[in-house]
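K.L.:
Dumping the structure here so I can ask a few things about it.
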Amino acid sequence: MSYDVNTQNLATRVATEFKLIKNYLSGSGTGDVSALQTAADNIVAAINEVKATADAASGGGMSAATYDPQSVQGDAFARSNHTGTQLSSTISDFTSAVNALVANIINDAATASGTTWSSSKINTEITAAITAALEGEDLSDLADQIVALAQADNGLVSATQAQSFTEPQKLQARNNIDVYSKAEVGDPTTNFVTTFEAGLT
């Protein structure tokens, strides 16, 4: 055969193979992909859609965006992985468990770091303590201390208001802090230059 015929035969054979590949990929020898149930316009894009769907359905066929929005990536049925709220009425043993816990915490018969008294017990104890204080010497001692402080305060020097002291009180105060009286110090405004100059004449 001539070169021209051989070349044409090769081209026909290659075209036949291409048509076979197109048929494998699209179901049509023309390469038409309109029969694909997807928005993709080529086989690669269609495969990627399938992959994305498979990825989203991994782990039991549940979408991670829907069933694992917090990215826990754990057992969806384990209570420790659950978030959100749940009505106590939907928990079968909730009331009995709470009652048992409260019964173990509230104990009026004992005083311990791991328990507490009931409100009625606390009220009773506070009332008893106040009554005992009023009937005993506690408030009497406090009153004596207040009187003693008031008496001591009578001799204190105030920095906020005027006060009157007797001469013996003033003398005692000066002796206590080792200072002289105004009379002993004299007039602090005396002009000693004038006194000196007067002494020169």
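K.L.:
Does A128 meet the test of being surrounded by 10 or more Cβ atoms within 10 Å (Cβ to Cβ) and either at pLDDT below 85 or hydrophobic (A, V, I, L, M, F, W, C) (or both)?
P.N.:
The answer is yes for A128.
K.L.:
Identify, from the list S92, S88, the residue that is touching a helix residue (DSSP H, G or I) at 6+ places or on another chain (Cβ under 7 Å) and under 30 Å from D68 (Cα atoms). Walk me through it before giving the result.
P.N.:
Working: S92 fails: touching a helix residue (DSSP H, G or I) at 6+ places or on another chain (Cβ under 7 Å).
Answer to the check: S88.
K.L.:
I'm told L171 meets every condition in (1) part of a helix (DSSP H, G or I); (2) at pLDDT below 85 except one. Can you identify the failing condition by its number?
P.N.:
Result: L171 passes all but (2).
K.L.:
Working carefully through the options S63, S34, S28, S71, find the one that is on the phi > 0 side of the Ramachandran plot and modelled with pLDDT under 75. Don't jump to the end; show me each part of the working.
P.N.:
Working: S63 fails: on the phi > 0 side of the Ramachandran plot; S34 fails: on the phi > 0 side of the Ramachandran plot; S28 fails: on the phi > 0 side of the Ramachandran plot.
Step by step, each of S63, S34, S28, S71 is checked, and only S71 is on the phi > 0 side of the Ramachandran plot and modelled with pLDDT under 75.
K.L.:
Something else: Here are some residues: L200, L156. Which one is more than 60 Å from the chain's Cα centre (by Cα), surrounded by fewer than 10 Cβ atoms within 10 Å (Cβ to Cβ) and either at pLDDT below 85 or of a type outside the set (D, E, K, R) (or both)? Don't jump to the end; show me each part of the working.
P.N.:
Details: L156 fails: more than 60 Å from the chain's Cα centre (by Cα).
Among L200, L156, only L200 is more than 60 Å from the chain's Cα centre (by Cα), surrounded by fewer than 10 Cβ atoms within 10 Å (Cβ to Cβ) and either at pLDDT below 85 or of a type outside the set (D, E, K, R) (or both).
The values are calculated or read from the model by the stated rules, or taken from the named source; none is laboratory data. Being a predicted model, the structure only gives us computed values, none of them experimental. Glycine gets a Cβ as well: all are built from the backbone with ideal geometry, and neighbour counts include every protein chain shown.
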